[in-house]
1. Which one of these does Asp489 not meet: (1) in contact with a Phe, Trp or Tyr (Cβ under 7 Å, 6 or more places away or on another chain); (2) surrounded by 23 or more Cβ atoms within 10 Å (Cβ to Cβ); (3) over 30 Å from Glu364 (Cβ atoms)?
2. Which of the residues spanning the stretch 302-312 are surrounded by 20 or more Cβ atoms within 10 Å (Cβ to Cβ) and not hydroxyl-bearing (Ser, Thr, Tyr)?
3. Only helices (runs of 4 or more DSSP H) wholly contained in the stretch 82-188 count here; list those with 3 or more residues that are at pLDDT below 80 and at positive phi.
4. Can you give me the number of residues within the stretch 313-335 that are surrounded by fewer than 15 Cβ atoms within 10 Å (Cβ to Cβ) and more than 20 Å from Val353 (Cα to Cα)?
5. Which of the residues that make up the stretch 333-371 are out of contact with any Phe, Trp or Tyr (no Cβ under 8 Å at 6 or more places or on another chain) and of a type in the set (Phe, Trp, Tyr)?
6. Out of the residues in the stretch 290-301 that are surrounded by 15 or more Cβ atoms within 10 Å (Cβ to Cβ) and assigned to a loop (DSSP other than H, G, I, E, B), state the one that is nearest to the chain's Cα centre (by Cα).
7. Kindly provide the set of residues from the stretch 555-590 that are part of a loop (DSSP other than H, G, I, E, B), surrounded by 17 or more Cβ atoms within 10 Å (Cβ to Cβ) and hydrophobic (A, V, I, L, M, F, W, C), ordered by number.
8. Could you list, in sequence order, the residues of the stretch 437-469 that are without any contact (Cβ under 8 Å) to a residue 12 or more places away in the chain and exposed (fewer than 15 other Cβ atoms within 10 Å of the Cβ)?
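The values are calculated or read from the model by the stated rules, or taken from the named source; none is laboratory data. Small disclaimer: the values here were computed from a predicted structure and weren't measured. Please note: Cβ atoms are built from the backbone with ideal geometry, for glycine as well, and neighbour counts cover all protein chains shown.
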Amino acid sequence: MLLASEEVSAETRRKMLLEILESEALYPHFQPIVDLKKGQVIGHEALIRGPAGSVMASPGALFQTAIENNPLHTLELLCRRCSLEKFAELKSGGKLFLNISASLLGTPEHTEGFTSDLLQELGISIQDIVIEISEQHPFDQHGLSNSAVQYYRSMGFQVEVDDLGTGYSGLKLWSELKPEYVKIDRHFVAKIDREPVKREFVRAICNISNVMGCKVIAEGIERQEEAEVLLELGITYGQGFYLGYPSPEPQVSWNMLNRNDAVELSDSLSGMIHSETAQSLLRQTPAIAPSDTVLYVSEQFMANPDLASLPVVEQGTPLGVVKKSDLLELFSTQYGRALYEKKPASRILCEQVLLVERDLSLVEVSRLVTDQENHALLQDIIITQDGCYLGMGNLRDLLKRITELKIQNAKYANPLTMLPGNVPINHEVERLLERTEDFYIAYFDLNNFKPFNDCYGYSKGDEVIRLVGELLTLHAKRTDNFIGHVGGDDFVVIFRAPDWKLSCERILKQFDEEVRSLYAPKDLQHEGLWATDRQGNRTFFPLLGLAIGVVHPDPYRCGSYHEVAELAAMAKKEAKRTATSSLFVSRRRCSNLPEEEVGEQRRA
């Protein structure tokens, strides 16, 4: 079999494909589809691979060669049989999503019971199979018929339309076939946290799916921020490298809140963790030059037995590392030492190393680590200053320091919501002021909370407070934002994301909708309740409202978090002038302005 790096003719690829079909040298892989809310794997998409290391290893090469040479039907049926047999063998459970190109649905091979008979033979329930229809080939749009799809559906199969958004035909398929699932194309998922147009497209898809009773799967999720925005928009199911890679062994569990738990950090952790930098991981480690001999490298490892790697540096610039394990493996082979000890260290250089600047926060370092592919998790960290070698750190030190900081942070978390309390909030404000960074701070407080608490009891009151915390997390949790719980019914969000006003308006809207479920029918009918006020008088109080005061502190003129806290408190006071939910945006950016409060009042 020819290697993937070798160029081969079309005729050679045709012969290789025929050889693969004859020997059935196809290898199923399974990529998890995850319920983002519950953190559960609900099923897998079956993907196929050719012989590893060959030019036919990728599904693209396999199917393109099949299209060019006409055995596409044969290849697809063999792919399906191999996938189903492997799925049955592994007994991983959940649904299996099978790709079927649209042009083949109406062919005799696909309507004579091939799949249902095979399922019965393998002991797989038809209800566990989802037929994934894709118009991936140029001629597909001419081959799909509604009757062919309905034939599968009548037997009990569920149907999914793939690559929604790539063209008019996909939307047309959706409206005509009314599938159980649709899959949003990865183009609309990539960087959705940074591109408002993509968010609105996905929001529209979500609204349509709700009307049609259809489940939406977002594919191509590669970053936590993308998953969080999709959840906010109402997308329940996702697929992508962030959630799991295609693998011969199906992944059976996943937890968004606990992925790589030792390294992954919550975006709401305190400023103490944000302000800690890679400098804290720094270890002075002797460097070697790429021209140093392998024998010299061996001597350095003997002189420093605790080191697992040595940095390779040329004129101050780090090039990579030499790993002790690689050196020992080299020397363990017959004649290995004799052959290599006089060779330059560059011969065993490993360039896969994490390079970070000394002032990069540990939050960012941890994200760099977790953004790596799981099979290539790098243990070595080279710390630089302005690109020049400074010293080494490692993954173990990062885990240890983050664990220490998380324990420290937990001391200040509010026990009701587990959000950071006053000390972490103040640390974060001080950090932003020191860096003269631009930010908005929103102060949240409940209106009419005391009479509600008096009437319904503290347990119901705690439900309201938890509701506020959940809504803030749902609508304001971003990479750069910070959510804190001051205490009682007071919350703070420090916004760095530009859509702060939209987030606040969504929080107000959903709060007003959901808080009604906590009232008795008679109070809902009257839109409020009767209770005793602070002066002991019997008074009517409207339904609970949420007041939000927002300020935009000037980091060049605000001297400390005390001043920012004062500005936020004044804005909140203005927001609470109305008993209903409202958003007040202050124009005051520092405390040494005229006494009167100025701003924009927006009522929910």
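1. Of everything listed in (1) in contact with a Phe, Trp or Tyr (Cβ under 7 Å, 6 or more places away or on another chain); (2) surrounded by 23 or more Cβ atoms within 10 Å (Cβ to Cβ); (3) over 30 Å from Glu364 (Cβ atoms), Asp489 misses just condition (2).
2. Result: Leu310, Pro311, Val312.
3. Where helices (runs of 4 or more DSSP H) fall fully within the stretch 82-188, none carries at least 3 residues being at pLDDT below 80 and at positive phi.
4. Summing the residues that are surrounded by fewer than 15 Cβ atoms within 10 Å (Cβ to Cβ) and more than 20 Å from Val353 (Cα to Cα) in the stretch 313-335 gives 4.
5. Matches in the stretch 333-371: Tyr335 only.
6. Going through the qualifying residues, I end up with Pro290.
7. Cys558, Cys590
8. Gly457, Tyr458, Ser459
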